[in-house]
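Only one structure is covered here, and it is reproduced in the block below.
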Amino acid sequence: MKPIVFTRRADAAMRTRQFLEPLTGQYQLGPQTVTIQLRGEDTLLLVLPGQPTRELIPARGMTFDVQGLAGFSVEFKKDATGAVTEIVFYQPNGTFAGKRR
């Protein structure tokens, strides 16, 4: 018998416009400006200068995996009022935070 593999699926709400739209905008990451865009009603895109545009795949909470880049993910942080104010990049070479512009 083959082993049973369980794969965690992200909450379906992470694919709704209502959830995704507040995450869009520009974030300052060191000298670079990172842009998060909404494509259609259910897909976030990561745009970095000089790099291919990447889709963000819902993972859990406010965390998304970067499509095509194993070990790379981004997490959006909210302040006390519930406004998204920061993006955190988790990469094999470190963790990097950027403030919303």
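The values are calculated or read from the model by the stated rules, or taken from the named source; none is laboratory data. Computed from a predicted structure; not experimentally measured. Positions of Cβ are generated from backbone atoms using ideal geometry, with glycine treated the same way; all protein chains shown enter the neighbour counts.
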Scan the stretch 22-53 residue by residue and report those that are under 22 Å from Lys78 (Cβ atoms) and of a type in the set (Lys, Arg). none
Would you please name the residue that is surrounded by the most Cβ atoms within 10 Å (Cβ to Cβ), looking only at residues in the stretch 8-28 that are of a type in the set (A, V, I, L, M) and within 14 Å of the chain's Cα centre (by Cα)? Leu20
In the stretch 67-77, what residues are of a type in the set (A, V, I, L, M, F, W, C) and either farther than 18 Å from Gln28 by Cα or more than 8 Å from the chain's Cα centre (by Cα) (or both)? Leu69, Ala70, Phe72
May I ask you to verify whether Gly30 is at positive phi, out of contact with any Cys (no Cβ under 8 Å at 6 or more places or on another chain) and touching a residue at least 60 places away in the same chain (Cβ under 8 Å)? yes
Of all residues in the stretch 73-88, which are farther than 15 Å from Leu44 by Cα and not β-branched (Val, Ile, Thr)? Lys77, Lys78, Asp79, Ala80, Gly82, Ala83, Glu86
Looking at the stretch 4-29 only, could you name the residues that are modelled with pLDDT of 90 or more and either among the hydrophobic types (A, V, I, L, M, F, W, C) or in a loop (DSSP other than H, G, I, E, B) (or both)? Thr16, Phe19, Leu20, Leu23, Thr24, Leu29
Restricting attention to the stretch 48-86, and to residues there that are assigned to a strand (DSSP E or B) and among the polar types (S, T, N, Q), which single residue is surrounded by the fewest Cβ atoms within 10 Å (Cβ to Cβ)? Thr85
Qualifying positions in the stretch 62-93 - β-branched (Val, Ile, Thr), more than 18 Å from Ala13 (Cβ to Cβ) and in contact with a strand residue (DSSP E or B) (Cβ under 8 Å, 6 or more places away or on another chain): Val66, Thr85, Ile87, Val88
